[in-house]
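Novice: This is the structure I want to talk about, given as structure tokens.
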Amino acid sequence: MAGTEISTKPFEGQKPGTSGLRKKVSVFAQPHYLENFVQSIFTAVKLPAESSLVVGGDGRYFNEPAIGTIIRMAAANGIGRVIVGQGGILSTPAASNLIRKRGANGGIILSASHNPGGPDGDFGIKFNGANGGPAAESVTDAIFAATQSISGYRIEDAPAPNLNRIGQARCGDMRVEIVDPVTDYQALMESLFDFDRIAGMIKSGFRLRFDAMHAVTGPYALAILEETLGAAPGSVINKVPLPDFGGHHPDPNPVHAKALFDLMWSCNAPDFGAASDGDGDRNIVLGQNTYIAPSDSLAMLAANAHLAPAYAGGVTGIARSMPTSCAADRVAAALGVPVFETPTGWKFFGNLLDDGRITICGEESAGTGSNHVREKDGLWAVLLWLNIVAASGKSMADIQADHWRQYGRNYYSRHDYEAVDADQANGLMDNLRARLPDLAGRRFGDYTILTADDFAYTDPVDGSVSANQGIRILFEGGPRIVVRLSGTGTEGATLRLYLERYEPDPAEHGHDPQAALAPIIHIAGEITELTARTGRARPDVIT
Ligand code: G1P
Ligand code: ZN
């Protein structure tokens, strides 16, 4: 092997969470920290000689130096070729697509998703396999084990090539191919959707606004929405990716994308509004005076996907993460296809997609996707919505209203308590877990608990079991409370409460989910003893 061996030792806390290793930049910038983790990937994954690897990230602070290090380490670890986005940029779904399209053996993706960036912000790294999807738990466990016994890493002495020049380069003996980050992704989108029809709708006066939040989707949205589909110049806003996202959280929720929400409720609202996150895998979509909640978006996309060419033959099945609302289950039942309930995190959809059991999947956290890649995909969801609007001739508001009329509405909300003291948060979970056997049958006013458990998932394809995936409390008649700790936060613990209730006739229950869910929210506080245990009276973020 080439390069130099540098000795190192295990670091505390390099256990990957929901989507890879995510820490403050200051943690990643410690001497040998990044190198340690990258070497542990190479050690654990055991790629065949002369493998090819896709490498790219969302352009946040530390992206470029990290990619330089990864390229030099790949060269020293016997990788044959690295395919990297120009300037080190690749959205997460575009990276997934490149891995698949080029038949690469895997990829290393650098992002902390929707978390803030900059010198004081967050950074992250994850390994994706040859299917283009996040590594399975068995692999991330092996990577973690390798971080615990590491004694050295290999790095090429030669510098990494200049990543700004598209074309072929080298690092030591390894080939480095620098590609335009948008081209292959755009070609994939054009193969899935009816671009002519969407362009026709835009030409006849349909207006849209896409907020790229100064994150990675700017160049993708500009090329596809403005330059190809003909949206008016300026339809894509905050389109220049910045290392610190302009000082904002690139998180498309009502708090951080407030300007977009305000616009969509103003008298100058365009017909369609959308935003994506730091690495381009999340999305939110809105219409005039209309917000489509992510769980509903999954259900509505599944119900209408046949209107887009790629899904004209229907969907084989639908999957949703356990805390995601059960709205998609009703669509699956109506379509006569199976629905799968998986733990939180996209990696759990991989086997179902690879095995052809599902076509479409999603999470309540603004993630939707399909079998076209193995990551959730923000712009894909935007384009599928646009295709559905164009083909149906209905407004976003009408699509939503018609859906609720046909299927009923799953009122749904997530309450996040951020930067909670980790001991207090763990104490709350442990206490709740210990009381689970006693909860069934308990009454709270009109509500009686039917079952309470800690979700465990058996993968139907490979039989692997993932336990302790979140506490589910199900009430008679269907209301549901889910409690889990985030696996992506970088400060203390983030406690998430998920609240849900189904109503066949939403016309009778008003529009506001917080009002419709008030009794469930109250009961959740009582059962978890949240305020007494954490000192928090109200959530930091409600979505
Ligand atoms: C969060 C979301 C989850 C998503 C993940 C990565 O994870 O809740 O749905 O897959 O980010 O985008 P959490 O912080 O809840 O572990
Ligand atoms: Zn993301």
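Novice: Among the numbered conditions (1) within 13 Å of ligand 1 (Cβ to nearest atom); (2) surrounded by fewer than 21 Cβ atoms within 10 Å (Cβ to Cβ), tell me where VAL337 comes up short.
Specialist: With respect to (1) within 13 Å of ligand 1 (Cβ to nearest atom); (2) surrounded by fewer than 21 Cβ atoms within 10 Å (Cβ to Cβ), VAL337 is out only on (1).
Novice: For the range 212-228, which positions are open to solvent by 10 Å² or more (accessible area, probe 1.4 Å) and touching a strand residue (DSSP E or B) at 6+ places or on another chain (Cβ under 9 Å)? Break it down into steps so the answer makes sense when it comes.
Specialist: Step one: filter the range 212-228 for residues open to solvent by 10 Å² or more (accessible area, probe 1.4 Å), giving 213-214, 219, 222-223, 226-228.
The answer is MET213, PRO219, LEU222, GLU226.
Novice: So PRO323 ticks every box in (1) open to solvent by less than 50 Å² (accessible area, probe 1.4 Å); (2) within 16 Å of ligand 1 (Cβ to nearest atom); (3) modelled with pLDDT of 95 or more; (4) not in a loop (DSSP other than H, G, I, E, B) but one. Which box is left unticked?
Specialist: The one condition PRO323 does not meet is (4).
Novice: Then there is this: Which of the strands (runs of 3 or more DSSP E) contained wholly in the range 121-177 include at least 2 residues that are in contact with a Lys or Arg (Cβ under 8 Å, 6 or more places away or on another chain)?
Specialist: Per the criteria, 122-128, 167-171.
Novice: Find the helices (runs of 4 or more DSSP H) located wholly in the range 193-281 whose residues include 3 or more that are farther than 27 Å from ASN371 by Cα and hydrophobic (A, V, I, L, M, F, W, C), and list them.
Specialist: By residue number, 258-264.
Novice: Among the residues of the range 351-407, which ones are open to solvent by 20 Å² or more (accessible area, probe 1.4 Å), in contact with a Gly (Cβ under 7 Å, 6 or more places away or on another chain), under 24 Å from TRP265 (Cβ atoms) and not in a helix (DSSP H, G or I)?
Specialist: SER395
Novice: Suppose we filter ALA310, ALA366, ALA328 for residues that are touching a residue at least 12 places away in the same chain (Cβ under 8 Å), within 16 Å of ligand 2 (Cβ to nearest atom) and aliphatic (A, V, I, L, M); which single one remains?
Specialist: None of the others qualify; the one that does is ALA366.
Novice: Between ILE71, ILE89, ILE6, ILE83, which is out of contact with any Leu (no Cβ under 7 Å at 6 or more places or on another chain), open to solvent by less than 10 Å² (accessible area, probe 1.4 Å) and more than 16 Å from ligand 1 (Cβ to nearest atom)?
Specialist: Criteria check complete, one pass: ILE71.
Novice: Does PRO460 satisfy being in a loop (DSSP other than H, G, I, E, B) and either away from ligand 2 (no atom under 16 Å from the Cβ) or within 30 Å of ILE358 (Cα to Cα) (or both)?
Specialist: Here the answer is yes, as PRO460 does meet what is asked.
Novice: Among ASN304, ASN253, which is crowded, with 19+ Cβ neighbours inside 10 Å and out of contact with any helix residue (DSSP H, G or I) (no Cβ under 8 Å at 6 or more places or on another chain)?
Specialist: ASN253
Novice: Go over the candidates GLY167, GLY103, GLY133, GLY124 one by one and state the one that is over 21 Å from PRO65 (Cβ atoms) and within 16 Å of ligand 2 (Cβ to nearest atom).
Specialist: Being over 21 Å from PRO65 (Cβ atoms) and within 16 Å of ligand 2 (Cβ to nearest atom) holds for just one of GLY167, GLY103, GLY133, GLY124, which is GLY133.
Novice: Let me confirm something: among ALA2, ALA104, which residue is within 22 Å of ARG170 (Cα to Cα), without any contact (Cβ under 8 Å) to a residue 60 or more places away in the chain and aliphatic (A, V, I, L, M)?
Specialist: After ruling out the rest, the residue left standing is ALA104.
The values are calculated or read from the model by the stated rules, or taken from the named source; none is laboratory data. Because the structure is predicted, anything quoted here is derived from the model rather than measured. Every residue, glycine among them, receives a Cβ derived from its backbone with ideal geometry; neighbour counts consider all protein chains shown. The area values use the complete protein model at the heavy-atom level, side chains included, leaving out ligands, DNA and RNA. Shrake-Rupley method; radii C 1.70, N 1.55, O 1.52, S 1.80 Å.
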